[in-house]
Each structure stands twice: as structure tokens, then as C-alpha cells.
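Student: Below: one structure in C-alpha cells.
The values are calculated or read from the model by the stated rules, or taken from the named source; none is laboratory data. Because the structure is predicted, anything quoted here is derived from the model rather than measured. Methodologically, a virtual Cβ is constructed for each residue, glycine included, from the backbone with ideal geometry; neighbour enumeration extends over all protein chains shown.
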């Protein structure tokens, strides 16, 4: 039996690569998130009964 299996090599390779985009990463998505967070809250109308 092999000591290191093929799937283990691929798992270790993927774990070493850090290409996942995080929400707090700088860029357009982060700027849009900050703008939404800082946007004024519009009051909502209460549902009429």
C-alpha cells in the first residue's frame, strides 16, 4: 500500500493555495459592502391591518 495517496497530494496542494476571495478583501466588493453598511436606513411603513 502506498504511503501517500493521490487524493492526499491534491488535498495538500489545494490547502497550500490560498485563492479564495474573502469578504473583507480589498476591492470593489469590499467598497460596495462598506457603502451598503453606511447607507442611511429608510423607515419602513407599518403594515395596515
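Student: Go through region 1-10 and report how many residues are at pLDDT below 85 and surrounded by 10 or more Cβ atoms within 10 Å (Cβ to Cβ).
Tutor: The total comes to 1.
Student: Determine, yes or no, whether residue 47 is in a loop (DSSP other than H, G, I, E, B), at pLDDT below 85 and within 18 Å of the chain's Cα centre (by Cα).
Tutor: On the way: in a loop (DSSP other than H, G, I, E, B): yes; at pLDDT below 85: yes; within 18 Å of the chain's Cα centre (by Cα): no.
In short, no.
Student: Considering (1) modelled with pLDDT of 85 or more; (2) in a helix (DSSP H, G or I), say which one residue 29 fails and leave the rest.
Tutor: For residue 29, the exception is condition (1).
Student: While we're on this one: Given 23, 40, which one is loosely packed, with under 10 Cβ neighbours inside 10 Å, at pLDDT 85 or above and either touching a strand residue (DSSP E or B) at 6+ places or on another chain (Cβ under 6 Å) or not in a helix (DSSP H, G or I) (or both)?
Tutor: Of 23, 40, the one residue that is loosely packed, with under 10 Cβ neighbours inside 10 Å, at pLDDT 85 or above and either touching a strand residue (DSSP E or B) at 6+ places or on another chain (Cβ under 6 Å) or not in a helix (DSSP H, G or I) (or both) is 40.
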